[in-house]
Amino acid sequence: MDLIDADGRVTRWPRKREQRLIVLDHLAALFERGRSYPEKEINEILKAGHLFGDWALLRRELFESGRLDRDAKSGLYWRI
C-alpha cells in the first residue's frame with residue numbers, strides 16, 4: 001500500500017473509506033494518550049506526519065472520526 005512511506009509519513013489522502021481509517025489510526029498513534037495538545041502543536045505533528053500539505057483536513061478528520069477530542073474554549077486537543 002502506498003499510503004505511508006518508509007519514514008511513516010502519509011503520502012496521500014485516500015478515496016476509499018477503509019484506507020482512510022488506516023491512515024487515521026496511523027496518525028492518531030502519533031499522539032500520546034492522557035496528554036493535551038494545543039492546536040498549533042497538533043498542526044506541527046500532522047505537518048511532519050504527511051506529505052500532501054493539508055494538516056487541517058487531517059486534524060478535522062481525526063476529530064470527526066472520534067480519534068481526537070477538543071475543548072472549544074481552551075483549544076486543547078487530546079487523543080481518545
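Descriptive notes on the structure:
- Just one of (1) surrounded by fewer than 14 Cβ atoms within 10 Å (Cβ to Cβ); (2) part of a loop (DSSP other than H, G, I, E, B) fails for residue 13. It is (1).
- Residues in the range 37-80 that are over 12 Å from the mean Cα position of the chain (by Cα), within 20 Å of residue 3 (Cβ to Cβ) and open to solvent by less than 60 Å² (accessible area, probe 1.4 Å): 53 alone.
- If the condition is being over 14 Å from residue 24 (Cα atoms) and among the polar types (S, T, N, Q), then the range 34-65 contributes 36, 43.
- Every listed requirement among (1) among the hydrophobic types (A, V, I, L, M, F, W, C); (2) in a loop (DSSP other than H, G, I, E, B); (3) surrounded by 14 or more Cβ atoms within 10 Å (Cβ to Cβ) is met by residue 22 save one, (2).
- In the range 23-55, the residues that are more than 14 Å from residue 12 (Cα to Cα) and small (Gly, Ala, Ser): 28, 29, 34, 36
- Taking residues in the range 49-69 that are part of a loop (DSSP other than H, G, I, E, B), and partners anywhere that are among the small types (Gly, Ala, Ser), the pairs with Cβ atoms closer than 6 Å and at least 6 places apart or on different chains are 67/28.
The values are calculated or read from the model by the stated rules, or taken from the named source; none is laboratory data. Since this is a predicted model, take the numbers as computed values, not measurements. No Cβ is skipped: glycine too gets one built from the backbone with ideal geometry, and neighbour counts run over all protein chains shown. All accessible areas refer to the heavy atoms of the entire protein, side chains included, with ligands and DNA or RNA removed. Shrake-Rupley method; radii C 1.70, N 1.55, O 1.52, S 1.80 Å.
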